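Since the structure comes first, as structure tokens, the remarks are kept for the end.
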Amino acid sequence: MTDKFISIEGIGKRYSGAGGAATTVFENLWLSMARGEFACVIGHSGCGKTTVLNILAGLDAPSEGAVIVDGQAISGTSLDRAVIFQSHALLPWRTVLGNVAYAVSSKWRSWDRAKVRAHAQEFIDLVGLTGSEHKRPSELSGGMKQRVGIARALSITPKMMLMDEPFSALDALTRGTLQDEVRRICLETGQTAFMITHDVDEAIYLADKIFLMTNGPGAVLAEVVENPLPRDRGRIDLHRHPLYYALRNHIVDFLVTRSKTFTTETPGHDPRNVPVVQIGKPGLTVAAASDEPRQTWMPGSSPGLSA
Amino acid sequence: MTSSLRLRAGLVSIVLLAAFLGIWHLATRSTAPVTTMSPEYARLMGLTATQGKSAMPGPLDVGAKLWEHLRRPFYDNGPNDKGLGIQLAYSIARVGTGYLLAVLVAIPLGFLIGMSPLLSKALDPFIQVLKPISPLAWMPLALYTIKDSSISAIFVIFICSIWPMLLNTVFGVASVRKEWINVARTLEVGTLRRAFTVILPAAAPTILTGMRISIGIAWLVIVAAEMLVGGTGIGYFVWNEWNNLSITNVIIAILLIGIVGMLLDQILARFTRMVTFPE
Ligand SMILES: Nc1ncnc2c1ncn2[C@@H]1O[C@H](COP(=O)(O)OP(=O)(O)OP(=O)(O)O)[C@@H](O)[C@H]1O
Ligand SMILES: [Mg+2]
């Protein structure tokens, strides 16, 4: 847990609204992830999840604070941090192969065409799009477009993947298949992944760590929930795990009630030492954001859960 | 369904054309001699007076004359008597030169303005003032400074075709979807490569629409410009034939101006279709 691959240190984001009044989306946000970890962020619409992801990607700069990746403060975007966009963001004038090859040739500028194509093809095969290489995005279904987005992100062999609700526009069946694929690929390649989602089950299936954010404006990171389910969990028997419902209820309770009341009911909340919730391990103290010991929230023990 | 619609539309077009030609023919055909006059006077007045023939040529006169022109499009009998092909070639060459120069200036400049909010704001008042000026208003200034009528005509074409292209390029470049730019940014694509691989293809349909508007305006303006500067060109031909009182030739020139304008527009329309992408 001491290996902090990604460390978000006290970032804040303000927008100057009409008449000079600044709205603070969030401030003093601290968060860290270890290498190879899969983290999901859950929070209500408008709390600033996309803003955090864009800052992490380097597409947006924080108003204050810094993001440290692999021991270095980031400035701007990097090929080490691939983004899978919610709206897939494929270039419509390029084919499937062209879109992936664009990313490949951006990373390895000296490669010749044949090498770029072969490398791109490898990742198109990986996401199961063999045979559709020469189709344009307009000829693909939503799920296929999202697969191209995944292939494009993976093809540059990034150190981490940033995903902004990648599956929210898909039907349940396609979503399930793509979740399986993303999970498999991330485990195989040891990716560090940061994913925004609104789907509690998606978070439980994919994440090692779940970040819960309160409602904005002035959103805070309320809790870090550690996933008690084994790493080699399967989609089918997920709900049979003894801790599954405790975990799910905890997250849903947070979303339904505590996300609104958390800030007022927890005046002593320390954004640098966000409590780590370990479902099913009562009384354990763990250090996450800093090395100091801190309290641990248990489901049912927090005041906000009484509702 | 579509093909039958096209067939019916074609039929209606042909019927309309035939009706138009028929009415034209009836309205201009010769009637019996209206007055008796001395043969000397009649010879002086020509067919119009002696046989009641309308001064307006009929479709058969125009057709016959057109056939004559088409058989010898490139003859050259001195400054006031050149084949229609030569005249059209002069006009197309002037439009082509002025238009290409405008493309070379408008598209790079449009890129710069579209990519830089500062330049966009700084140049906006100039563009707003220059854009509504009739291109022919530049003519005296051009003649005075350039001192060459042919180059002045090219300059007028340049100045009239630059604005639609410039404005469309600026708009197209400035409204490239943020997410496509973000893709390029996450891939650490440099500014120049980004301009060519993301912004240009994304803005190309808008830019080509501007180019299509421009070629239309340029072709409108060249006729007027050549009437002013004289010498050669289809515009000069129209004016010269008016002075010769050859309405037949004027009508033929009008027809050809329309056809060439349509062809230019079709060429640009085809290019536009080539760069348009479905979303
Ligand atoms: N350019 C901007 N100017 C002003 N306010 C902005 C701007 N962009 C975002 N915001 C505000 O920042 C807040 C957070 O936006 P963000 O897109 O990060 O939310 P989100 O958590 O991703 O929501 P969702 O789940 O709906 O995607 C919102 O309240 C939004 O109004
Ligand atoms: Mg969002």
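The values are calculated or read from the model by the stated rules, or taken from the named source; none is laboratory data. The shown structure was predicted, so the numbers you read here are calculated from the model rather than taken from an experiment. Cβ sites come from the backbone with ideal geometry, for glycine too, and all protein chains shown count toward neighbours. Please note that ligands, DNA and RNA were not included when accessible areas were found on the heavy atoms of the full protein model with its side chains. Shrake-Rupley method; radii C 1.70, N 1.55, O 1.52, S 1.80 Å.
Every residue, every condition in (1) without any contact (Cβ under 8 Å) to a residue 60 or more places away in the chain; (2) surrounded by fewer than 21 Cβ atoms within 10 Å (Cβ to Cβ); (3) at negative phi, yes or no:
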{"residue": "A:L229", "(1), (2), (3)": "yes, yes, yes"}
{"residue": "A:T257", "(1), (2), (3)": "yes, yes, yes"}
{"residue": "A:P271", "(1), (2), (3)": "no, yes, yes"}
{"residue": "A:V277", "(1), (2), (3)": "yes, no, yes"}
Problem - Conditions (1) over 28 Å from A:L79 (Cβ atoms); (2) within 14 Å of ligand 1 (Cβ to nearest atom): number failed by A:M195 - result: (1)
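Restricting attention to segment A:161-169, does a residue exist that is open to solvent by 10 Å² or more (accessible area, probe 1.4 Å), in contact with a Phe, Trp or Tyr (Cβ under 7 Å, 6 or more places away or on another chain), touching a residue at least 40 places away in the same chain (Cβ under 8 Å) and within 16 Å of ligand 2 (Cβ to nearest atom)? Give the steps one after another, and end with the answer.
Residues of segment A:161-169 that are open to solvent by 10 Å² or more (accessible area, probe 1.4 Å), as a first pass: A:164-165, A:168-169.
Keeping just the survivors that are in contact with a Phe, Trp or Tyr (Cβ under 7 Å, 6 or more places away or on another chain) gives A:164.
Filter once more, so that each one left must be touching a residue at least 40 places away in the same chain (Cβ under 8 Å): A:164.
Next cut, within 16 Å of ligand 2 (Cβ to nearest atom) only: A:164.
Scanning segment A:161-169 turns up at least one residue that is open to solvent by 10 Å² or more (accessible area, probe 1.4 Å), in contact with a Phe, Trp or Tyr (Cβ under 7 Å, 6 or more places away or on another chain), touching a residue at least 40 places away in the same chain (Cβ under 8 Å) and within 16 Å of ligand 2 (Cβ to nearest atom).
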Fill in the blank from the handout: Every listed condition ((1) modelled with pLDDT under 90; (2) open to solvent by 30 Å² or more (accessible area, probe 1.4 Å)) holds for B:G58 save (2)
Fill in the blank from the handout: A:W30 fails exactly one of (1) open to solvent by 20 Å² or more (accessible area, probe 1.4 Å); (2) among the hydrophobic types (A, V, I, L, M, F, W, C); (3) within 14 Å of chain B (Cβ to nearest Cβ); (4) away from ligand 2 (no atom under 16 Å from the Cβ), namely (3)
Practice task
State whether the residues of segment B:229-237 include one that is out of contact with any Cys (no Cβ under 9 Å at 6 or more places or on another chain) and surrounded by fewer than 17 Cβ atoms within 10 Å (Cβ to Cβ).
Solution key: yes
Exercise for the section: Collect the residues in segment A:74-88 that are under 17 Å from B:E188 (Cβ atoms) and at the interface with chain B (Cβ under 9 Å from one of its Cβ atoms), keeping them in residue-number order. Expected result: A:G76, A:T77, A:S78, A:L79, A:R81, A:A82, A:V83, A:F85
Exercise for the section: Please enumerate the residues belonging to segment B:160-183 that are surrounded by 22 or more Cβ atoms within 10 Å (Cβ to Cβ) and either on the phi > 0 side of the Ramachandran plot or more than 8 Å from every other protein chain (Cβ to nearest Cβ) (or both). Expected result: B:C160, B:S161, B:I162, B:P164, B:M165, B:L166, B:N168, B:T169, B:V170, B:G172, B:V173
Problem - Qualifying position, being over 12 Å from the mean Cα position of the chain (by Cα), surrounded by 16 or more Cβ atoms within 10 Å (Cβ to Cβ) and of a type in the set (G, A, S), among A:G190, A:G216 - result: A:G216
Handout entry: Residue in segment A:42-59 that is assigned to a strand (DSSP E or B) and more than 9 Å from ligand 1 (Cβ to nearest atom) present
Key = yes
Practice task
Considering (1) modelled with pLDDT of 95 or more; (2) away from chain B (no Cβ under 11 Å), say which one A:L91 fails and leave the rest.
Solution key: (2)
Handout entry: Total residues in segment A:35-47, condition within 13 Å of ligand 2 (Cβ to nearest atom) and under 23 Å from A:N227 (Cβ atoms)
Key = 5
Practice task
Look at segment A:124-169 and say how many of its residues are away from chain B (no Cβ under 14 Å) and away from ligand 1 (no atom under 16 Å from the Cβ).
Solution key: 15
Practice task
With the condition kept exactly as written, say whether any residue in segment B:201-214 is within 30 Å of A:S106 (Cβ to Cβ), away from chain A (no Cβ under 14 Å) and not hydroxyl-bearing (S, T, Y).
Solution key: yes
Problem - Test result for A:T263, within 16 Å of ligand 1 (Cβ to nearest atom), open to solvent by 40 Å² or more (accessible area, probe 1.4 Å) and modelled with pLDDT under 90 - result: yes
Practice task
Would you check if there is a residue in segment B:248-263 being hydrophobic (A, V, I, L, M, F, W, C), open to solvent by 30 Å² or more (accessible area, probe 1.4 Å) and touching a Pro at 6+ places or on another chain (Cβ under 9 Å)?
Solution key: yes
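From the list B:K121, B:K147, pick out the single residue that is over 30 Å from the mean Cα position of the chain (by Cα) and either modelled with pLDDT under 95 or open to solvent by 50 Å² or more (accessible area, probe 1.4 Å) (or both).
Just one listed residue meets the conditions, B:K121.
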Problem - Residue match in segment A:96-103 (condition: in contact (Cβ under 8 Å) with a residue 60 or more places away in the chain, open to solvent by less than 50 Å² (accessible area, probe 1.4 Å), hydrophobic (A, V, I, L, M, F, W, C) and within 9 Å of chain B (Cβ to nearest Cβ)) - result: no
Handout entry: Test result for A:Q86, open to solvent by 60 Å² or more (accessible area, probe 1.4 Å) and within 16 Å of ligand 2 (Cβ to nearest atom)
Key = yes
Fill in the blank from the handout: Residue count, segment A:1-41, condition closer than 22 Å to A:Q191 by Cα and within 10 Å of ligand 1 (Cβ to nearest atom), comes to 1
Problem - Number of the condition not met by A:V225 [criteria: (1) within 16 Å of ligand 1 (Cβ to nearest atom); (2) farther than 21 Å from A:V67 by Cβ] - result: (1)
Problem - Residue check, A:G71 within 16 Å of ligand 1 (Cβ to nearest atom), more than 10 Å from chain B (Cβ to nearest Cβ), at positive phi and open to solvent by 20 Å² or more (accessible area, probe 1.4 Å) - result: no
Exercise for the section: May I ask you to list pairs of residues, at least six apart or on different chains, whose Cβ atoms are under 7 Å apart, with the first in segment B:80-93 being outside any helix (DSSP H, G or I) and the second being basic (K, R)? Expected result: B:G83/B:R72
